[in-house]
Structure formats: C-alpha cells, structure tokens
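The values are calculated or read from the model by the stated rules, or taken from the named source; none is laboratory data. These numbers come from a predicted model, not from an experiment. Neighbour counts are summed over all protein chains in view; Cβ atoms, including those assigned to glycine, are modelled from backbone coordinates with ideal geometry.
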Amino acid sequence: MTVQLTDSLKKIRERTVFRVTVLISLIIILILSLFISTALGAYKITVGEVLRTIFVEREGLSRQIIWTIRFPRTLVAGLVGVCLSLSGVILQGIMRNPLASPSIIGVSSGAGITGIFILILFPEFIYLVPPVSFIGALSTTLLIYALAWKDGINPMRMVLAGVAVSAFLGAGINALLIFFPDRVQGVVDFMVGSLAAKTWKHFRMLWPYTFLGTALLMLLSKQLNTLLLGDEIAIGLGIHVERVRMIFIAISSLLAASAVSVVGLLGFVGLIVPHMARLLIGSDYRYLIPASALLGAITLIFCDTVARLVLSPMEIPVGIIMAMLGAPFFLYLLRGGLKKNA
C-alpha cells in the first residue's frame with residue numbers, strides 16, 4: 001500500500017512539473033512572439049532594433065513605427081486572444097460541450113449588435129462601446145440560458161438555442177447595415193474582425209477587462225473543476241450550482257464583449273484554443289486557464305502577423321486568417337463527435 005501511494009504521489013508530482021514546464025514554455029514563446037511580430041512588416045526591422053527601440057531609443061523612424069504602430073497593435077492582439085480563449089474555456093466548461101464558444105452560441109453576436117448600434121447611430125459615444133457590448137453579451141447569454149432551461153440545462157439544447165439567437169441577431173446587424181449604408185464604411189472591419197489601426201488607446205481600453213476577468217477565473221478555477229463532476233456531485237460538495245454558473249456566464253460575457261468592442265466579430269479563437277490547450281496540459285482548470293490565455297495570445301499574434309505579411313504591403317483582416325484556420329478545425333470536431341456517437 002505504501003509503495004502504491006508513493007508511486008501515485010510521484011506521478012502527480014511529475015504531472016505537475018510537466019504542466020509548469022508547459023506554462024513556462026508558453027510564456028517564453030509569447031515573449032518571443034511579441035518581439036518577432038513587432039519586427040516583421042512592410043518596413044523590415046530586426047529583433048535587436050525592436051529591443052533597442054523599445055528600451056533605449058526615444059526618437060527616429062524605427063521608434064515611430066514600432067512604438068506608435070506595431071507594438072501596441074501586437075499587445076492588443078495578445079489581449080484579445082486572452083479574452084476570447086478564456087471566454088471559450090468557460091463556456092465549454094459550464095456547458096460540458098466541446099463546440100461551445102462565444103461566436104458559435106451567440107455571445108459575440110450580442111456584443112456585436114450593441115457595439116455596431118453605437119458605431120452607426122451614435123459614433124460620438126464610441127467610448128461607450130465596451131460597457132454597452134458587455135450588456136449586450138450578458139443579456140444574450142441570459143436569454144440563451146432561459147431558452148435552453150427545461151428542468152435544468154441540457155448542454156446541447158443551450159448550444160442550439162445559441163445558434164438560433166445568433167442567427168436572429170445576425171439579421172439585426174444586417175438590417176442596421178442596410179438601413180444606414182452611408183455609415184457602413186467604418187463598420188466593415190468590425191464585422192470581419194480586424195486589428196488594423198489599433199493603438200495604445202485600445203490597449204488601455206482592453207487591459208483592465210482582461211486583467212479582471214483572468215484574475216476572477218484563476219480564483220474560481222476550483223469551482224469550475226467541481227462543476228465538471230456533474231450538478232449532483234457539485235451540490236453534494238456544497239456548490240450552489242446555478243449561482244456559480246451565472247457568475248461564470250457573467251465573466252465569459254465580460255471577456256467576450258471587451259474583445260468584440262475592440263476588434264469586432266472575430267470568430268473561432270474561443271473554439272480552437274481551449275482544445276489546443278487541453279491537448280497540451282489536460283483538463284484541470286487551475287492549469288488550463290493560464291495555458292489557454294497564453295496560447296490564445298500566441299495564436300492571435302501569429303494570425304495577425306500572417307495577415308500583415310501574406311499580401312504585404314497590403315494587409316487583410318485577421319478574422320479571415322482565423323476563419324481559414326478555425327473552419328477546418330470545427331469540421332474536425334464535428335466529425336470526431338459523430339464518430340464518438342456512432
């Protein structure tokens with residue numbers, strides 16, 4: 001018995017060491033990605049010049065390009081990746097459905113229609129886009145939750161309700177674009193999902209929401225692990241299931257809305273990144289949450305770099321690159337689910 005207990009503890013320690021190693025590796029990759037992405041573009045700059053410009057130089061052309069244009073854009077890409085991937089992690093956890101994500105179940109559409117409403121009808125109040133988008137995302141999620149409720153929550157029923165609500169909100173967005181065609185030009189990037197012209201203003205707008213949402217998730221990671229055991233077991237362990245689930249829904253809405261308010265309707269990040277993180281680090285949310293955040297930032301920085309370089313000096317919206325990666329992955333998940341159910 002003592003030998004078996006010792007072997008079990010050794011396996012746990014080895015697993016913990018492995019997970020910590022993965023997290024440290026992702027941090028290193030993220031730091032490298034920040035500087036490499038900042039260096040690449042139509043105007044070629046070495047990584048050494050990037051480091052020197054950020055930490056030493058205070059003037060010159062390289063300073064203007066890096067500090068004013070590329071570095072804040074790269075930081076915003078990282079924060080958006082964190083927000084959307086963590087929102088997806090929450091939704092997949094509380095719904096126990098691998099196909100749940102902010103864009104698929106309608107959370108992003110709820111944030112998008114309220115954000116577009118402000119951008120088209122009240123552009124002078126653009127500073128209200130983040131809080132209004134949060135209200136839209138939270139209201140949409142609560143609506144989906146209510147529509148899916150029938151003697152409890154069925155994960156598949158909630159996803160289907162989200163798809164229906166998302167389609168309805170998509171019709172509302174299209175109606176706004178048709179009724180106000182003279183104001184559409186500034187909204188096209190929002191519809192596709194773009195990081196073009198993102199500056200320090202957008203970074204300052206986004207980082208408080210990212211920090212708050214990530215911190216809350218880390219504090220509540222054990223409750224999310226408990227929810228995975230099933231509602232009956234969670235209740236038996238003293239968890240108020242519906243209250244905790246509502247808290248997670250609010251955090252997910254906050255993260256998704258903050259990202260949508262800055263880059264627009266960017267899809268698939270919240271779907272594919274949590275799965276990639278699970279393959280790397282497992283399903284323990286104490287490690288899955290930071291892994292998803294780091295991997296989400298890396299993924300979106302990589303996609304934005306590709307979007308800037310593939311047709312250089314012209315750039316394409318990052319949402320197109322994400323769709324090209326995300327759509328095949330989504331089909332892979334669907335085929336895997338069908339095989340599993342067969």
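Here are a few things to note about the model shown:
- The selection criterion, being surrounded by 17 or more Cβ atoms within 10 Å (Cβ to Cβ) and of a type in the set (Val, Ile, Thr), holds for residue 104.
- Within region 36-54, tally of residues that are loosely packed, with under 15 Cβ neighbours inside 10 Å and either assigned to a loop (DSSP other than H, G, I, E, B) or among the small types (Gly, Ala, Ser) (or both): 5
- Matching option when the condition is surrounded by 20 or more Cβ atoms within 10 Å (Cβ to Cβ) and not charged (D, E, K, R), among 234, 291: 291
- Among (1) in a helix (DSSP H, G or I); (2) surrounded by fewer than 21 Cβ atoms within 10 Å (Cβ to Cβ), the one test that residue 313 misses: (1)
- Some residue of region 147-156 being of a type outside the set (S, T, N, Q), modelled with pLDDT of 80 or more and surrounded by fewer than 21 Cβ atoms within 10 Å (Cβ to Cβ): yes
- Lone qualifier among 253, 312, 283, 292 - being modelled with pLDDT under 90 and either under 30 Å from residue 128 (Cβ atoms) or among the basic types (Lys, Arg) (or both): 253
- Extreme residue, nearest to residue 188 (Cα to Cα), among residues of region 114-146 that are of a type in the set (Phe, Trp, Tyr) and surrounded by 15 or more Cβ atoms within 10 Å (Cβ to Cβ): 117
- In region 201-243, the residues that are closer than 27 Å to residue 119 by Cβ, of a type in the set (Lys, Arg) and touching a residue at least 40 places away in the same chain (Cβ under 8 Å): none
- Members of region 266-279 that are touching a residue at least 24 places away in the same chain (Cβ under 8 Å) and either surrounded by fewer than 23 Cβ atoms within 10 Å (Cβ to Cβ) or in a helix (DSSP H, G or I) (or both): 267, 269, 270, 271, 272, 273, 274, 275, 277
- Test: residue in region 6-18 that is modelled with pLDDT of 85 or more, out of contact with any helix residue (DSSP H, G or I) (no Cβ under 9 Å at 6 or more places or on another chain) and either surrounded by 10 or more Cβ atoms within 10 Å (Cβ to Cβ) or assigned to a loop (DSSP other than H, G, I, E, B) (or both): yes
- Residues satisfying the stated conditions in region 284-307, i.e. under 20 Å from residue 105 (Cβ atoms) and outside any helix (DSSP H, G or I): none
- Single unsatisfied condition, residue 239 versus (1) at pLDDT 85 or above; (2) surrounded by 18 or more Cβ atoms within 10 Å (Cβ to Cβ): (1)
- Only residues that are closer than 30 Å to residue 147 by Cβ, at pLDDT 85 or above and among the aromatic types (Phe, Trp, Tyr) were counted across region 180-210, and they come to 1.
- The one condition from (1) buried (at least 19 other Cβ atoms within 10 Å of the Cβ); (2) free of Cβ contacts under 8 Å to residues at least 24 places away in the same chain; (3) not in a helix (DSSP H, G or I) that residue 198 does not meet is (2).
- Any hit, region 72-80, residues being within 20 Å of residue 30 (Cβ to Cβ), buried (at least 24 other Cβ atoms within 10 Å of the Cβ), among the polar types (S, T, N, Q) and within 12 Å of the chain's Cα centre (by Cα): no
- The listed residue being in a helix (DSSP H, G or I), within 18 Å of residue 138 (Cα to Cα), hydrophobic (A, V, I, L, M, F, W, C) and under 12 Å from the mean Cα position of the chain (by Cα), out of 256, 250: 256
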